[in-house]
Amino acid sequence: MSEPRILAVDTALGACSAAVTQGERVLASRHVAMERGHAEALAPMVEAVMAETGLAFAGLDKLAVTTGPGTFTGQRVGLAFMRGLHVALGKPLVGVTTLAAMAEQARSEAGVEQAAAVHDAKRGEVYLEAVARPAAVGQTLSARLLRFEEAVTLLQGIGDLVLAGTAAARMAEALNGVGALNIVAPDAVWVARLAAELESTSVPRPLYLRAPDAKLPTRR
């Protein structure tokens with residue numbers, strides 16, 4: 001059986017990216033740093049990578065998208081777009097966290113078995129997730145929101161690893177020289193590679209690790 005052809009996108013943080021992969025092969029990819037404008041950039045970017053592959057959308061086997069954590073608007077742009085393709089094409093859609101994609105890229109590029117994404121969440125807090133390959137050799141941590149000091153304590157118990165995310169350099173200093181790579185937003189290539197290992201069980205939803213600041217008025 002041939003390896004699945006996967007279209008993946010990310011708009012959740014400070015970049016917009018799209019990629020088509022088949023196994024370890026990257027058939028086409030785009031990655032542009034941007035703080036805003038994801039909604040306008042995504043569709044043309046997807047059209048460009050699909051045109052480069054020469055594939056029709058019907059020739060895809062799976063779709064993938066980042067679920068968060070990320071900006072409120074950015075998360076929803078990618079999810080809405082890929083949900084639309086999911087319905088139109090009838091292809092399975094899987095969600096991957098932004099943190100897992102960044103950590104997996106760092107782990108692979110550094111050639112190590114363990115990595116963590118540590119992303120600044122403001123207010124003295126960070127978003128944290130850790131991956132290990134194979135899982136049995138190290139400790140994995142699901143995506144969570146922690147005080148920076150709590151994250152330091154948690155990562156001190158993991159052992160050798162490499163870091164990604166906007167808080168990676170600060171965390172590396174706190175952990176006395178642990179390596180950090182300049183990966184501050186997910187790349188859709190790594191979203192696709194993680195998605196290749198996942199099954200679609202339900203339509204992905206936004207991942208919010210912090211309750212929204214705005215509250216609906218209560219009825220008196």
* Within the set of pairs 6+ apart or on separate chains, which have a first residue in the range 1-17 that is more than 17 Å from Leu85 (Cβ to Cβ), a second that is surrounded by fewer than 24 Cβ atoms within 10 Å (Cβ to Cβ) and among the acidic types (Asp, Glu), and C-beta atoms under 7 Å apart? -> Gly14/Glu35
* helices (runs of 4 or more DSSP H) lying entirely in the range 31-132 (those with 1 or more residues that are assigned by TED's automatic domain parsing to the domain that holds Leu145 and of a type outside the set (A, V, I, L, M)) -> 98-110
* To do: Could you figure out which of (1) assigned to a helix (DSSP H, G or I); (2) under 25 Å from Glu197 (Cβ atoms); (3) at pLDDT 95 or above isn't true of Val152?
  => (2)
* Report yes if some residue within the range 11-21 is part of a loop (DSSP other than H, G, I, E, B) and surrounded by fewer than 24 Cβ atoms within 10 Å (Cβ to Cβ); otherwise report no. => yes
* Which residue pairs have Cβ atoms closer than 8 Å, lie 6 or more positions apart in sequence or on different chains, and pair a first residue in the range 199-211 that is closer than 30 Å to Lys122 by Cβ and in contact (Cβ under 8 Å) with a residue 24 or more places away in the chain with a second residue that is of a type in the set (Val, Ile, Thr) and surrounded by 12 or more Cβ atoms within 10 Å (Cβ to Cβ)? -> Pro204/Val65; Pro204/Thr67; Pro204/Val94; Arg205/Thr67; Pro206/Thr67; Leu207/Thr67; Leu207/Thr97
* Checking Gln139 against (1) over 18 Å from Gly14 (Cβ atoms); (2) not in a loop (DSSP other than H, G, I, E, B), the condition it does not meet -> (2)
* Check whether at least one residue in the range 118-128 is touching a Ser or Thr at 6+ places or on another chain (Cβ under 7 Å) and either farther than 20 Å from Phe72 by Cα or at pLDDT 95 or above (or both), and report yes or no. => yes
* Structure fact -> Of the residues in the range 18-65, those that are of a type in the set (Gly, Ala, Ser) and closer than 15 Å to Phe81 by Cβ come to Ala18, Ala19, Gly37, Ala39, Ala41, Ala43, Ala48, Ala64
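The values are calculated or read from the model by the stated rules, or taken from the named source; none is laboratory data. Worth saying up front: this structure is predicted, and the values here are computed from it rather than measured. Neighbour counts are summed over all protein chains in view; Cβ atoms, including those assigned to glycine, are modelled from backbone coordinates with ideal geometry.
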